[in-house]
Every structure is written in C-alpha cells, then in structure tokens.
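Worksheet for the structure shown next.
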Ligand code: SF4
C-alpha cells in the first residue's frame, strides 16, 4: 500500500540519513566529527544545525565497535535477469557488502525491509560477479551496530513476490489491504483506515 501511495512521489533523503551516510564513508578509519560535519554541510547545506548533536551520537555509538573499511562505496548493482537495479553502500576488500541505515537496530535480527534489500543486492551481485553471495551486512549507524543477514529461501521468495506486486501496481493494478501490515507505526494509517480496510479496488 505504501508503495502504491508513494509511487509518483520523488524520493527525498532525510537529514538523519545524510548524517549517517556521511559517517559510513569513514567507518574503519578515525571518525573526526568536525571533518564529517563539514562534509555533511557540503552535501546538504540546508541541514538542521541540531543534527550536529545527532552526528556526535552516531560517532560515539560507532566508536564502540571496530569496522571494516570500505574498498568501494556506492556501488550500483543490477540483475538483468530480474530487471532490478540497486545500490550497495559499502563493499570491503573481502567482497562482503553492507547497506547503511539511519534507523536504530532491533535487539536481535534485522527488519523485514532490510532483509529484502540484502536479498536483492545479493542476487544482483551474484549475477554480476558469477560468485556465490550468501548474505550481507546492515549497518545501523545511530546504534553503531553492524548485523549480518544470511539470505534465506524465504527472502528470495519475498523478493520475487515483491517484484511481481510492484510490476502489477505499475501496470495499473490497485493493491489489496494486507492483513498483517505494520499499520500502527505508518503515516498512512488514517488514509488506509478511511478505506474501511477493504480492497481499494472495491472502492475506486
Ligand atoms: S496503514 Fe498499513 S496497509 Fe496502509 S500503507 Fe501503512 S502499513 Fe500499509
């Protein structure tokens, strides 16, 4: 449903993401707040100055762990077989890849959306390199946590079913209201509730 509502909106990056992303370029090397903040201002000149405190929080959290430095950053990955393009934030010298998140980490494991992105990147990288890619890391910068996710068959099934749904929406299909969506923390809750929880296709 969210994809359906947002399908024509331009993607905008948040201030928090701009900070976390800039921190990620320095992981594995000393994290100098002044240097990183100067870069954040260059990338996002209108950023809320209060985010400087958030930067300090991220750096304090990241300094509690050791990190692999990146060999490559912002690597475009593509699967011609499945018709998808994405981006991997960091790839280490050993070939392990990471995606960067501006969210806090769960106590254990990774969010469903992160597992889907890891699966999509792993499938694409495997097709590009011809080598098996079994999983990747999700780096939750505000908590300084790097968590590995090994791609499971259920992630690959989710990847294929999501592709199918996205294509059907792009072809003009209206999605059905799912039964187990995380509606309580969604900004479209009111909009979806006003549809009475019925299929939108019944209403439009
Ligand atoms: S309110 Fe629920 S069904 Fe609607 S977009 Fe949000 S998560 Fe999806």
Can you name the residue in region 1-15 that is assigned to a helix (DSSP H, G or I) and without any contact (Cβ under 8 Å) to a residue 60 or more places away in the chain and is also surrounded by the fewest Cβ atoms within 10 Å (Cβ to Cβ) among such residues?
6
Residue under question is residue 166, and the condition is that it be more than 9 Å from the ligand (Cβ to nearest atom) and either modelled with pLDDT under 85 or in a loop (DSSP other than H, G, I, E, B) (or both); does it hold?
no
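Could you check, for region 169-178, whether at least one of its residues is more than 16 Å from the ligand (Cβ to nearest atom), in a helix (DSSP H, G or I) and at pLDDT below 95?
Scanning region 169-178, I find at least one residue that is more than 16 Å from the ligand (Cβ to nearest atom), in a helix (DSSP H, G or I) and at pLDDT below 95, so the answer is yes.
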Restricting to region 85-96, name every residue that is closer than 18 Å to residue 159 by Cα and under 13 Å from the mean Cα position of the chain (by Cα).
86, 87, 88
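Collect the residues in region 182-198 that are outside any helix (DSSP H, G or I), within 8 Å of the ligand (Cβ to nearest atom) and either modelled with pLDDT of 85 or more or closer than 20 Å to residue 8 by Cβ (or both), keeping them in residue-number order.
186, 187, 188
The values are calculated or read from the model by the stated rules, or taken from the named source; none is laboratory data. Just so we're clear, the structure is a prediction, and the values are computed from it rather than from any experiment. All Cβ positions, even for glycine, are placed from backbone atoms using ideal geometry, and neighbour counts span all protein chains on display.
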